[in-house]
Every structure is written in structure tokens, then in C-alpha cells.
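As C-alpha cells, the structure follows; a few thoughts come after it.
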Amino acid sequence: MAISNKNVALIQQVCEKTHNYSLCVSSLKSDPRGLKADLKDLVVIMIIEYDTSVGSLKDAIRAFESNSYDESYGQLTVAASGPGNCEDTFAEPPARKSPLTAVGAYFYSMVTIAEDILSIVMKHKSP
């Protein structure tokens, strides 16, 4: 499938409905698959864009590929809670500055964008 204005327009249209338009667009446009993707492909790209070694992300991909969208969304929600839980650990006595704050914020953003796009897919599947 050739890259077309339609593919770029899909990315922009979908990313407008996410929590972080600029990160969504830059991530999807920087991935060669993003410029050839359909709506469902965009979900997978956002999930695997970060790193699927995280167990809940692996489970989210498996559930999504099995069309178990609610389960996939739940696994993304579990993954999104990880950075906050990590930050809470650093806040416990003896409180110290987390060296992972920036990484956690990026991870959280990527996962919530995947959740946003998955929500769009789920709405398209509803009667």
C-alpha cells in the first residue's frame, strides 16, 4: 500500500482524539508502518512503539489480536498505572527523587494514546 494523503489524514484525525496529539502524530509518522496503517494497525503500533517486554503490554496485544478489546483496554490500564506506582515507591521514606520520572511520563503518554485509539476502534465495532 502506497503512502497517501489519506493515510496521513487518518493519523491526524485519530490523533486529534487522543490526550497528546503531537506525540501521537510524531510516533505514528516516524514508524514506517504508521503511514500505511488502518485504524486497528494504529493501536498495535502505539502499544509496541514503547516496549512489549512489559507483561501487561504483551497481554494487551494478545487480547487485541483476539478481538478481545475490553480485555486489551484493561491490560493497557494496568500498564498505565505502572509509572505512578513507581513514583509512589520513590516518595516512600526515605523519600528521594525518582530517576525514572521522564521515562515514566513518556510511557504513560504512549499507553494512554493507545487506550484512546483503542476506544475509537471499540466505538466503530459497536452497533
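Going by the structure shown, is I47 modelled with pLDDT under 90, closer than 19 Å to V14 by Cα and surrounded by 13 or more Cβ atoms within 10 Å (Cβ to Cβ)? Break it down stepwise before answering.
Details: modelled with pLDDT under 90: yes; closer than 19 Å to V14 by Cα: yes; surrounded by 13 or more Cβ atoms within 10 Å (Cβ to Cβ): yes.
Yes: the conditions hold for I47.
Answer yes or no as to whether G104 is open to solvent by less than 30 Å² (accessible area, probe 1.4 Å) and out of contact with any His (no Cβ under 8 Å at 6 or more places or on another chain). Outline the logic, then answer.
Numbers: open to solvent by less than 30 Å² (accessible area, probe 1.4 Å): yes; out of contact with any His (no Cβ under 8 Å at 6 or more places or on another chain): yes.
The answer is yes for G104.
Please go through segment 50-66 and give me each residue that is polar (S, T, N, Q) and modelled with pLDDT under 95, ordered by number.
So the first thing to find is which residues in segment 50-66 are polar (S, T, N, Q), and the list is 52-53, 56, 66.
Result: T52, S53, S56.
Could you list all residues from segment 56-98 that are open to solvent by 40 Å² or more (accessible area, probe 1.4 Å), of a type in the set (G, A, S) and in a helix (DSSP H, G or I)?
Listed by number, the residues that qualify are S81, A91.
The values are calculated or read from the model by the stated rules, or taken from the named source; none is laboratory data. Please read these numbers as outputs of a predicted model, since none were measured by experiment. We place every Cβ from the backbone using ideal geometry, glycine too, and count neighbours over all the protein chains shown. When the accessible area is computed, the model is the full protein with side chains, heavy atoms only, and any ligands, DNA or RNA have been set aside. Shrake-Rupley method; radii C 1.70, N 1.55, O 1.52, S 1.80 Å.
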